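Have a look at the structure below, then the notes.
The values are calculated or read from the model by the stated rules, or taken from the named source; none is laboratory data. Everything numeric in this text was worked out from a predicted model, so none of it was measured. So basically every Cβ, Gly included, is an ideal-geometry build from the backbone, and we count neighbours across all protein chains shown.
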Amino acid sequence: MNRLLTAVFAVFTTLLIPIDASAQSQAWEDVLGDAKGQTVYFHAWGGEPRINAYIQWAAREVERAYGVRVVHVKISDTANVVSQVLAEKSVGKETGGAVDLIWINGENFASMKENGLLASAGWAETLPNWAYVDIENKPTVKIDFTVPTDGQESPWGMAKLVFMFDSTRISEPPSTLAGLLDYAKRNPGRFSYPQPPNFFGTTFLKQVLADTVANKDVLSRPVDEATFDETVAPLFAFLDDLHPNLWRQGQAFPKNAADMRQLLADSELDIAFSFNPGDASGAIANGELPETVRTFVFDGGTIGNTHFVAIPFNSSSQAGAKVYANFLLSPMAQTRKQEPEIWGDPTVLNVAALPANEKALFDAMDLGPATLSPEDLGPVLPEPHPSWVSALEEAWIARYGAGSE
């Protein structure tokens, strides 16, 4: 499959953007001219080797095709980058910023938007490859944790919470949150989750909240401090019941998703989870998990969202950042990203509407033995308003943090 894709990619190297005869064509040519020779400092999470390798591949392609150099600045917490841009604004640094492009979504995007830290509205929708984005069937490409993107960030992948299990140890995985608790009680020490504020730990909290909250409508609005404790009481009642049955009795937690994956491979955990539906297949292809691992989701749906790239208001290389963002939306880049052994990240494109030769690349792709079909992935539960993230993390740390490692 890789040899086939490599050959086809070579043919389409010069077709990274759709042919556009409109007035926008000249504007894009101007962007390409301005971008040539620029260096783009792309601040993006660096905690997964496969993703890092993909970012480097895309950087090489953009430099070769457009003369734009992309440097991956590996970060562990996007909030620190937001603080850096905010600090630059506070001292009047309107140009020459240190950050050119950020991998972002959720509360960090909301914070940048609220504080005027983003490039002007609409730039993402001027990218030539925006024409391929599936805005009809994937509404989260324009709504980020209930906040309209207003074209200030460009989508480049989809995410959805999925659970992984080894089919040699579990014949029928739990299909509900209550079923997961029941399994943990019957098999103590065989499940856990990362400690918030780790992204994956916080995602698990949001999943439990979405499953237990009495009125789901409150999650689409900012946190109401007056009713917060009452709203999250069922969440913490669930966790109080779960924690004594966690790995290491909930006195220590896996570091991150990769750590959970390793614990699953080492048979220390029976169930792990990821925010990437193709993660298990990718890990199998790379020898990180046994071939008997499979994926499941809850019947009522799991949390899902879109992840984006955004340009700060004072980026030194805005044109180059747009060129890289546009490449990340190209069928070539989106196809490669979805390959399980590369990343397994679902596309934001409307595959059915692609030109036949590019649609064929997606249609021919083997998503791997552990990747669920779109139908089997079930409903997507929307992300709560960004204000819920810090509120949940702070409440969790106040309740459990002192006894954790």
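Checked against the criterion of being of a type in the set (S, T, N, Q), modelled with pLDDT of 95 or more and more than 25 Å from Glu383 (Cβ to Cβ), the range 348-357 contains not a single residue that satisfies it. Output the residues belonging to the range 312-327 that are touching a strand residue (DSSP E or B) at 6+ places or on another chain (Cβ under 6 Å) and crowded, with 23+ Cβ neighbours inside 10 Å. Answer for the range 312-327, where residues must be touching a strand residue (DSSP E or B) at 6+ places or on another chain (Cβ under 6 Å) and crowded, with 23+ Cβ neighbours inside 10 Å: Pro312, Ser315, Ser317, Gly320, Ala321, Tyr324, Ala325. Does Gly368 count as in contact (Cβ under 8 Å) with a residue 12 or more places away in the chain and over 30 Å from Val147 (Cβ atoms)? Yes, satisfied.
The set of residues from the range 149-174 being closer than 25 Å to Asp266 by Cα and in contact with a strand residue (DSSP E or B) (Cβ under 7 Å, 6 or more places away or on another chain) comprises Lys160, Leu161, Val162, Phe163, Met164, Phe165, Asp166, Ser167, Pro173.
Yes/no per residue for (1) of a type outside the set (A, V, I, L, M); (2) without any contact (Cβ under 8 Å) to a residue 40 or more places away in the chain; (3) under 23 Å from Trp103 (Cβ atoms); (4) buried (at least 23 other Cβ atoms within 10 Å of the Cβ):
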{"site": "Leu127", "(1), (2), (3), (4)": "no, no, yes, yes"}
{"site": "Lys138", "(1), (2), (3), (4)": "yes, no, yes, no"}
{"site": "Lys142", "(1), (2), (3), (4)": "yes, yes, yes, no"}
{"site": "Glu153", "(1), (2), (3), (4)": "yes, no, yes, yes"}
{"site": "Phe165", "(1), (2), (3), (4)": "yes, no, no, yes"}
{"site": "Pro173", "(1), (2), (3), (4)": "yes, no, no, no"}
{"site": "Ala178", "(1), (2), (3), (4)": "no, yes, no, no"}
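The set of residues in the range 229-260 that are surrounded by 13 or more Cβ atoms within 10 Å (Cβ to Cβ), part of a helix (DSSP H, G or I) and either free of Cβ contacts under 8 Å to residues at least 40 places away in the same chain or touching a helix residue (DSSP H, G or I) at 6+ places or on another chain (Cβ under 6 Å) (or both) comprises Thr231, Ala233, Pro234, Leu235, Phe238, Leu242, His243, Asn245, Gly250, Ala257.
Take the residues in the range 306-322 that are in a helix (DSSP H, G or I) and more than 21 Å from the chain's Cα centre (by Cα); name whichever of them is nearest to Ala110 (Cα to Cα). Per the criteria, the residue is Gln318. Only one entry in Gly151, Gly189, Gly157 is part of a loop (DSSP other than H, G, I, E, B), modelled with pLDDT of 95 or more and under 19 Å from the mean Cα position of the chain (by Cα), namely Gly151. Residues that are at pLDDT below 95, part of a helix (DSSP H, G or I) and either over 20 Å from Ser175 (Cβ atoms) or not β-branched (Val, Ile, Thr) (or both) do not occur anywhere in the range 261-277.
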